[in-house]
1. Being crowded, with 21+ Cβ neighbours inside 10 Å, away from the ligand (no atom under 16 Å from the Cβ) and among the hydrophobic types (A, V, I, L, M, F, W, C): is that true of residue 209 here?
2. When residue 290 is evaluated against the numbered criteria (1) touching a residue at least 60 places away in the same chain (Cβ under 8 Å); (2) over 17 Å from residue 195 (Cβ atoms), which criterion, by number, is the only one it fails?
3. Tally up the residues in the stretch 240-278 that are of a type in the set (Asp, Glu), in contact (Cβ under 8 Å) with a residue 60 or more places away in the chain and part of a strand (DSSP E or B), please.
4. Where residues in the stretch 166-179 are under 17 Å from residue 357 (Cβ atoms) and buried (at least 24 other Cβ atoms within 10 Å of the Cβ), which of them is nearest to the ligand (Cβ to nearest atom)?
5. Can you say whether residue 37 is of a type outside the set (D, E, K, R), within 28 Å of residue 109 (Cα to Cα) and surrounded by fewer than 13 Cβ atoms within 10 Å (Cβ to Cβ), as far as the supplied structure shows?
6. Answer yes or no as to whether residue 329 is surrounded by fewer than 24 Cβ atoms within 10 Å (Cβ to Cβ), touching a strand residue (DSSP E or B) at 6+ places or on another chain (Cβ under 8 Å) and farther than 27 Å from residue 180 by Cα.
7. Could you identify the single residue in 156, 119 that is more than 18 Å from the chain's Cα centre (by Cα) and surrounded by fewer than 21 Cβ atoms within 10 Å (Cβ to Cβ)?
8. Among the residues of the stretch 62-101, count how many are over 27 Å from residue 14 (Cβ atoms) and aromatic (Phe, Trp, Tyr).
Amino acid sequence: MSDTHTPSKLTRVPGLDVLPQSLAESDGLEFGLAMSNSKCRLVVLVAPGSTRLASFEGSSTSYENGLTLLIGPTSSRNLAALRAHLPWLYPQTLGLRTSVGTGDRLGLATRGHVRALRAAGGNLAPILAQQSIREMERTGRDPQQVMEDAAWGVFAEGWRGGFGADADHLKTVDDIDLCVAAGYTFFTFDPGEHVDNSPANADLTALQAAVERLPWAQLEDSAEVMSERYLMRSFEFEDHEVSIDERVLYEAAAKYGRAVAHVAALYRHLAQAAERRDFEVEISVDETETPTTHAQHVYIASELQRLGVRWVSLAPRYIGRFEKGVDYIGDVDEFETDFAVHAAIARRFGPYKLSLHSGSDKFSIYPAAVRQTRGLVHLKTAGTSYLEALRTIAAFDPELFRRVYAFSRAHYETDRASYHVSASLGRAPSPEDVDDADLPALLDQFDAREILHVTFGSVLTEGSSDRERRFYDRVMGTLRTHSDVYAANLEAHLLRHMRPFTENTAAGSLPRRRV
Ligand code: ZN
């Protein structure tokens, strides 16, 4: 840990409710976050005669012994000024450390995320700013705001262990530019729209035709040369052999060839846009229809490598079902057997981490994931923190929660379209059948949970056209008023996610299973 001899002058200022963990000192200034009327304010105390307050905004008053006290908003300008003194408020690259991403749709969850991280112990690297462009559109937030909300949360909790910022599911170069400008360090490329799911059922002639149509110039390749690379050799990954014959190769190329070309283009754009700044890349094809076979994983990794792409983690589409906010659906042993080969391939071609997207609440597979990757794994969660927000609402404002639930039910059939979920309205309890005291338990019922999970965008933007966000203001107000309970709920829930990753990686010698 860094030098954290606690400054104390700020805590003695009368009438100022400073969060003790937020206290920091640098360059003769003291910094903290103070709560007033459920709002956070930045407070800075500076020695007599200093001109260092100039970069901050807020109102300054003189305090005892010639000190000046500034109280200002948690604004972009104040964060920029603060970062000049406290560089740990900038996100950074995390490399191959075992990592967990905690998306936050509301911008209030980082404090709970950090508490879970501290409770989990170990050397888990957090990605605390993380949101996809799709989710930003659905919540009316932009990359800058997502980043700043996380950074203020990091400041509030005094987390100096470093954190990443994931620009998640990027699909275009414009998405990249927005996120580079906002200072993101981790870029998740999603070429899912360029994945062709039809080859699995096609005959060889149709496959050959599909391969002919690939963008060969972009791939800097030809069908003949590609075939020579793959068909004259065998692929062994530790104890696993992956065989690639013509049909298997053509299926992989027809399915993922365009996606590979798209990722290479995004990567080159990013490398240029980032200039000399550090960045790391994840590639995700998790939101596609059919599982990524081992041969297809080999194809993706070796083609991207040939095109000069470097990445720190990859999210194939695994077998079984990774539905939003609920445990893995499928046979856990089969998952481990299949996943073991993906992990061996990742060690060979990287090593890089395997990434678990829609990774929240998949408690049954975490041990296998850590065991098989030997800790080279990234867990990505997001909506599950929104569900903990709703759990908090259900306890403090049952009437609001009941309305949100009824509203979510009404929007589920539309909103589910872009997510992997199987909840049915018929199996989810009707709001009128649930007593107030039992409302929080809806968060533990499979169907209600998925329904609430995928409808966040509709809930948070409902009524925003007439500038009266019907739910948003009340949801945020309740969470701010009960911020400690919300943080405690998040801590308990995220700790369940993080523990399997710290316990098993710290051990070093894991109980290995034969698969
Ligand atoms: Zn994903």
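1. So residue 209 fails the test.
2. Only one criterion is unmet by residue 290, namely (2).
3. 0
4. 168
5. When the stated conditions are applied, residue 37 passes them.
6. Against the criterion (surrounded by fewer than 24 Cβ atoms within 10 Å (Cβ to Cβ), touching a strand residue (DSSP E or B) at 6+ places or on another chain (Cβ under 8 Å) and farther than 27 Å from residue 180 by Cα), residue 329 qualifies.
7. 119
8. 2
The values are calculated or read from the model by the stated rules, or taken from the named source; none is laboratory data. Computed from a predicted structure; not experimentally measured. Positions of Cβ are generated from backbone atoms using ideal geometry, with glycine treated the same way; all protein chains shown enter the neighbour counts.
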